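Each remark here refers to the structure printed beneath this line.
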Amino acid sequence: MQKTTKRLYLIPVLSKALDILELLQAENQPMTLEAVHRQTRISKTTVYRVLKTFVHRGYIAQAQDGTYRQVTRPTKMRFGFGSQSADMPFSVEVTESLKEAAANVGVDLVILDNCYDAATAIRNAEEFVRSRVDLVIEFQVEQEVAPVIADKIAAAKIPMIAIDIPHPHATYFGVDNYRVGFEAGEALAAHSVKNWGGKVDWVIGLDLPEAGQLVQSRITGAFEGVRGTIPDIPVECFVRIDCRGMRDKSKKLVSDFLQRHPKDRHILIAASNDTSALGAVDAVRQAGREKHVAILGQDCIAEAVAEMHSERSPLIGSVSHETSSYGPSLIHLGLSLLRGQHVPPYNYVDHKMVLRDTAKV
């Protein structure tokens with residue numbers, strides 16, 4: 001009688017990963033990569049990659065001295081995300097980045113739309129508390145209600161990350177607002193020097209006072225960036241206009257300004273975001289004054305990049321806040337907070353200047 005051998009359907013790399021995890025469980029103490037390699041006889045490269053994967057997924061922890069240890073595997077994490085507004089392109093890009101990053105690491109994401117409205121943001125915070133999420137990522141524009149939202153989340157002992165707008169008790173995540181504004185101002189001044197011989201009649205900041213002083217520092221920085229290149233502009237030529245980051249309001253207020261100053265030929269506009277920058281573009285184009293105005297935005301949304309390449313567009317550039325990096329960075333930051341790891345109070349994202357000559361459509 002012929003003897004048959006039962007076929008085993010094994011995945012070699014998975015078997016090795018489980019050998020490493022079981023070793024850490026059996027030892028029940030921190031181990032170096034070298035020790036794991038020596039005891040399992042698995043290649044050091046494979047051991048390194050498996051350990052890093054387990055750390056990323058929360059099965060093991062890595063100490064500052066480089067050693068690894070098993071941790072109790074938590075239940076699946078649930079993060080609450082209060083998005084700024086489904087009507088704001090930058091907010092939509094952040095949301096999509098976060099959804100993808102959460103799915104990649106197995107985090108459940110509960111998304112509620114703050115609708116660019118303070119009362120809605122408060123109700124959403126209350127819903128996160130009722131839902132007992134493990135962590136809240138808050139993206140809302142009203143600095144005035146930030147303490148109200150933060151108090152509700154903190155009272156429930158839920159860690160919170162605040163995007164762009166600081167909230168009490170929360171870890172900050174976003175751009176360095178003053179720095180991105182300063183670089184925008186420098187780019188506007190360089191445009192004036194190159195195209196207008198350094199002449200400037202007005203420097204307008206399309207502001208967002210509701211967001212608080214930190215976001216307002218984008219305009220403060222822009223004004224300082226212009227002054228650094230063209231220092232003799234009179235202080236009364238610097239004007240801040242509250243457009244609330246909205247396109248229609250920006251269009252109306254910039255139109256009003258242009259009508260009041262029909263003969264001025266050298267106007268620089270620094271916008272707090274691309275949405276208000278596009279509103280300014282609408283106003284300038286309607287007035288037929290594209291040659292007299294240079295606009296620079298923030299966020300580098302797709303519509304702004306396309307606008308830069310429109311014929312005679314006054315939009316000369318935008319500062320990219322690199323939204324594709326938001327999701328992975330926010331998820332990593334949230335998991336670090338929940339694991340009790342040290343996290344800096346302010347976490348700045350990378351940014352880069354995108355000008356008409358370098359922008360891609």
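Annotations for the structure displayed:
- Residue 297 part of a strand (DSSP E or B) and small (Gly, Ala, Ser): yes
- Residue in the range 311-319 that is over 25 Å from residue 218 (Cα atoms) and either assigned by TED's automatic domain parsing to the domain that holds residue 240 or of a type in the set (Phe, Trp, Tyr) (or both) present: yes
- The listed residue being surrounded by 21 or more Cβ atoms within 10 Å (Cβ to Cβ) and not assigned by TED's automatic domain parsing to the domain that holds residue 116, out of 255, 276: 276
- Residue 347 vs. criteria under 20 Å from residue 182 (Cβ atoms), touching a residue at least 12 places away in the same chain (Cβ under 8 Å), among the polar types (S, T, N, Q) and touching a Lys or Arg at 6+ places or on another chain (Cβ under 9 Å): no
- Here residue 144 clears all of (1) outside the structural domain of residue 205 (by TED's automatic domain parsing); (2) assigned to a helix (DSSP H, G or I); (3) touching a strand residue (DSSP E or B) at 6+ places or on another chain (Cβ under 9 Å) except the condition numbered (3).
- Checked against the criterion of being over 22 Å from residue 300 (Cα atoms) and either out of contact with any helix residue (DSSP H, G or I) (no Cβ under 9 Å at 6 or more places or on another chain) or not polar (S, T, N, Q) (or both), the candidates 239, 226, 180 yield just one match: 239.
- Residue within the range 250-272 that is farther than 30 Å from residue 117 by Cα and in contact with a Cys (Cβ under 6 Å, 6 or more places away or on another chain) present: no
- Sole residue being not assigned by TED's automatic domain parsing to the domain that holds residue 340 and not aliphatic (A, V, I, L, M), chosen from 181, 82, 106: 181
- Filter result for residue 172 (in a helix (DSSP H, G or I) and of a type in the set (Phe, Trp, Tyr)): no
- Qualifying residue in the range 62-77 (condition: of a type outside the set (Val, Ile, Thr), buried (at least 18 other Cβ atoms within 10 Å of the Cβ), in contact with a helix residue (DSSP H, G or I) (Cβ under 8 Å, 6 or more places away or on another chain) and within 30 Å of residue 276 (Cα to Cα)): no
The values are calculated or read from the model by the stated rules, or taken from the named source; none is laboratory data. The structure presented is a predicted model; accordingly, all values stated were derived computationally and were not measured. Glycine also receives a Cβ, built like all others from the backbone with ideal geometry; neighbour counts cover every protein chain displayed.
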